[in-house]
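Student: First the structure, then my questions, so here it is.
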Amino acid sequence: MSRKEFETVVEAYRLSLKTNPHDFYALRGLMLAAAFLKDMDGLVHADEAKRFSYNPIIVNEVIDCASEEDKEYFKKFAKLYADKKRQIDCSREIESLRQDCKRIETAMQLTEDTRRDYYIKAGKYGKWHPKAYFILGWCDTAFF
């Protein structure tokens, strides 16, 4: 597991379970291998990884093979995997939405800056909107 050869680890645990189908430690090892984890600490650090996946087929296999007294433990383990996956997926979606929001805010600011560039400087009166400046100029020339 420390070399991250999870396919080999899965086969080794399955072989071990043939002789003792309810071996808690082999089932736990198989459960960890299903999520590509070498130990329980890897689950804690999965938040830092930005990705988390697991093989639900192996997880269901572990639950099916577990003794009645261990089934609840492995069911909670499976729920933890599902929750962790959903949490990381949601975190990625939130980050994507933050980036979209930032991109939209930048585009809005550029639009506002561009709009201000079209205002006309009118001396001591500051900047005028082009439409207002045109109407004022038109009225000025039309009546005088």
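Student: Can you name every residue in the range 29-55 that is open to solvent by 50 Å² or more (accessible area, probe 1.4 Å) and in contact with a Phe, Trp or Tyr (Cβ under 8 Å, 6 or more places away or on another chain)? Can you show your working first?
Tutor: Looking only at the range 29-55, we keep the residues that are open to solvent by 50 Å² or more (accessible area, probe 1.4 Å), and these are 36, 38-41, 44-45, 47-51, 53-55.
Phe36, Ser53, Tyr54, listed by residue number.
Student: Here is a check on your reading of the model: is Lys75 in contact with a helix residue (DSSP H, G or I) (Cβ under 8 Å, 6 or more places away or on another chain) and either at positive phi or open to solvent by 80 Å² or more (accessible area, probe 1.4 Å) (or both)? Give the steps one after another, and end with the answer.
Tutor: Numbers: in contact with a helix residue (DSSP H, G or I) (Cβ under 8 Å, 6 or more places away or on another chain): yes; either at positive phi or open to solvent by 80 Å² or more (accessible area, probe 1.4 Å) (or both): yes.
Considered against the rule, which asks whether it is in contact with a helix residue (DSSP H, G or I) (Cβ under 8 Å, 6 or more places away or on another chain) and either at positive phi or open to solvent by 80 Å² or more (accessible area, probe 1.4 Å) (or both), Lys75 comes out as yes.
Student: Could you tell me how many of the residues in the range 5-24 are buried (at least 17 other Cβ atoms within 10 Å of the Cβ), at pLDDT 90 or above and not in a loop (DSSP other than H, G, I, E, B)? Spell out the reasoning first.
Tutor: Taking the range 5-24 and keeping what is buried (at least 17 other Cβ atoms within 10 Å of the Cβ), we get 6, 9-10, 13, 17, 23.
Applying the additional criterion that residues be at pLDDT 90 or above yields 10, 13, 17, 23.
Next cut, not in a loop (DSSP other than H, G, I, E, B) only: 10, 13, 17.
Qualifying residue count, the range 5-24: 3.
Student: I need the helices (runs of 4 or more DSSP H) fully contained in the range 43-139, keeping only those with at least 1 residues that are under 23 Å from the mean Cα position of the chain (by Cα) and of a type in the set (Val, Ile, Thr).
Tutor: Numbers: elements: 46-49, 56-65, 68-117.
Here the list reads 56-65, 68-117.
The values are calculated or read from the model by the stated rules, or taken from the named source; none is laboratory data. Fair warning: this is a prediction, and the values are worked out from it, not measured in the lab. Ideal geometry is used to build each Cβ from the backbone, glycine not excepted, and the neighbour counts take in all protein chains shown. Ligands, DNA and RNA are stripped out before the accessible areas are found, and what is left, the full protein with its side chains, is counted by its heavy atoms. Shrake-Rupley method; radii C 1.70, N 1.55, O 1.52, S 1.80 Å.
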